[in-house]
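Working notes, beginning with the structure itself.
Please treat every number below as a calculation from the coordinates, not as lab data. Note that the coordinates shown come from a computational prediction; the quantities given were computed from them, not determined experimentally. Cβ placement follows ideal geometry from the backbone for every residue including glycine, while neighbour counts extend to all protein chains displayed.
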Amino acid sequence: MGIKVGGRQTYDMDGLIKEIEQPQIKVVLYFFSVEYERFEPHKALKRAFPQALCVGASMNGGWCSAGAIEKGIVALSLGADEVEEVFVTFKEGIKADPTRSARAAIDELKQKLGYRSVNPDEYLGVVLVDGLGLGEVVMQELCLEARLNLPFVGGAAADELTFTRTLVGLDGQLSADGLVLVVMKMKIPFYYNHYIHHTPGTASMVATKVDTMQRIIWEFNGEPAASYYAKMVGLGSVDQLDSQIFSNNALGLVCGTNVYCRSLVGMVEGKGLKASCYIEAGTTLHLLKPGDIIAETRNALQDAESYLPQMQGAILFNCTLRLLELKALKKVGAFHNLFKHLPYIGFNSFGEELFTHHNQTLTAIFFGRP
């Protein structure tokens, strides 16, 4: 039947369920506003599709073929024509011990797969993680696991910038401290990638003192991080640092032609800088220059279409910082217009996952036809 998508800005689960309903549903993926938790959307979807795997996460606004959704719920279904087999694991405790939770999830997933070798051209992974935990630890463990040689694409659950409660769900379970890993053996071609609209400038610095697990950089090149960064971006005082400065002057790891954003989100005790992803001591970071977010997203879609000329759908994991930029530029509609010809859903996340934990990035899965 193909990929079915739907979205609602009110809690109309009956209408949403009708939009995504199809014979032999294998997987339902959904994203919802945190305030909708009281309606128990995870239970409603599982009741409607008891034979399907239902996986979801909370969002800071979402996307679907009908447009951008400030608050509400979006969902997508995949049927037996798209997915041959599906395997899943759900673990909690991601905040207290992300390594342990990730390892437990990986070990269970390998067992469910029967310890088979997986062909990354046939198998696709989706990862949804508590947005207030350390998604970078989860991705590190996944990348170190030789038996799961396949892409895991996804995002960190979000709330509406209160940073208090982010949710992930599997079937009838919903957790504010969870991790979901899904592996699908696909019957259709797919493509995935990460996209940013920043490029490296000439300035760089070395993080010489950090609190890795708290995501705090205390020193650059042996000097207090906040004052060093302020000087690098042309400010006279750390008092001038704000969210707009951080957004327009992101930091990034540069690996060949690839750039991985490491966004800053605030100052700590007037000296340190809080990042959206942990950074290890000795890491060289480059100041990044923002480009045209709409032009770069258009290029991203063209890139995907070059691999999948008969594209039939997409899932987007879009950074909340990108949403704030789109709002400031009044280009939310322009972003949606690039994708509206496709059945698609997406959500604005607290981090994007593909091989590593990204910031200010769009990670995406695109589906082709048989």
Query raised in the report: Which FRET efficiency value, to the nearest 0.05, is calculated for Thr164 and Ala334 with the Förster distance at 35 angstrom and r the Cβ-Cβ distance?
Result: 0.65
Report task. Would you list which lysines come within 24 Å of Lys209, measuring only between C-alpha atoms, while excluding same-chain residues fewer than 8 positions from it? Result -> Lys95, Lys231, Lys271, Lys274
Report summary line: For the chain, the charge dipole (Cβ of Lys, Arg +1; Cβ of Asp, Glu -1; about the Cα centre) points to a positive end, and the Cα of Ala48, Leu287, Pro23 closest to that extreme belongs to Pro23
Report task. Provide Rg over Rh for the stretch 220-370; use the alpha carbon set for both Rg and the Kirkwood Rh (inverse mean inverse pair distance). Result -> 1.02
Report summary line: So for the stretch 319-363, using the alpha carbon gyration tensor with a ≥ b ≥ c as root eigenvalues (a/c under 1.5 gives rounded; past that, a/b versus b/c decides prolate or oblate), I'd call it oblate
Query raised in the report: Does the stretch 8-151 come out rounded, prolate or oblate, given a ≥ b ≥ c as the square roots of the eigenvalues of its C-alpha gyration tensor, rounded meaning a/c under 1.5 and, failing that, prolate meaning a/b above b/c?
Result: oblate
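What ranking of Trp63, Trp218 emerges when the number of other C-beta atoms within 10 Å of each C-beta is taken as an exposure proxy, fewest first?
Taking fewest neighbouring Cβ atoms as first place, the list is Trp218, Trp63.
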Query raised in the report: In the chain, which whole DSSP H runs stretch at least 20 Å along their own axis (Cα) and average -1.0 or higher on the Kyte-Doolittle scale?
Result: 293-307
Report task. For the chain, just run the numbers: alpha carbon Rg, then divide by 2.2 N^0.38 Å, N being how many residues it has. Result -> 0.96
Query raised in the report: Got a sec? How would Asp12, Asp239 order by Cβ neighbour count within 10 Å, fewest to most?
Result: Asp239, Asp12
Report task. Run the quick spin-label model on Glu223 and Gln9: label points 7 Å from Cα toward the beta carbon, then report their separation in nm to one decimal. Result -> 4.8 nm
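Run the numbers on the stretch 1-112 and let me know its relative contact order in percent, using alpha-carbon pairs under 8 Å that are six or more apart.
34 percent
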Report summary line: Note on the stretch 198-290: contact order normalised by length, alpha-carbon pairs under 8 Å, 6 or more apart, percent, works out to 42 percent
**Report entry** Sites Asn119 and Gln24 - FRET efficiency at Förster radius 30 Å, r taken between beta-carbons, to 0.05
**Finding:** 0.80
Report summary line: Everything considered on the Cα gyration tensor (a ≥ b ≥ c; rounded for a/c under 1.5, else prolate if a/b is larger than b/c, else oblate), the stretch 59-103 must be described as oblate
Query raised in the report: What is the order of Asp97, Asp171, fewest Cβ neighbours within 10 Å to most?
Result: Asp97, Asp171
Query raised in the report: Taking a temperature of 4 °C and a viscosity of 1.567 mPa s, what whole-number D in µm²/s does Stokes-Einstein yield for the stretch 198-290 with Rh from Kirkwood over alpha carbon pairs?
Result: 101 µm²/s
Report task. Just name one of Ala230, Cys261, Ile245: the one whose Cα is farthest towards the positive end of the charge dipole of the stretch 198-290 (beta-carbon charges, Lys/Arg +1, Asp/Glu -1). Result -> Cys261
Report summary line: Percent of all alpha-carbon pairs of the stretch 96-154 at distances over 17 Å, whole number, is 35 percent
**Report entry** Relative contact order of the chain, pairs being alpha-carbon contacts under 8 Å that are 6 or more residues apart, as %
**Finding:** 21 percent
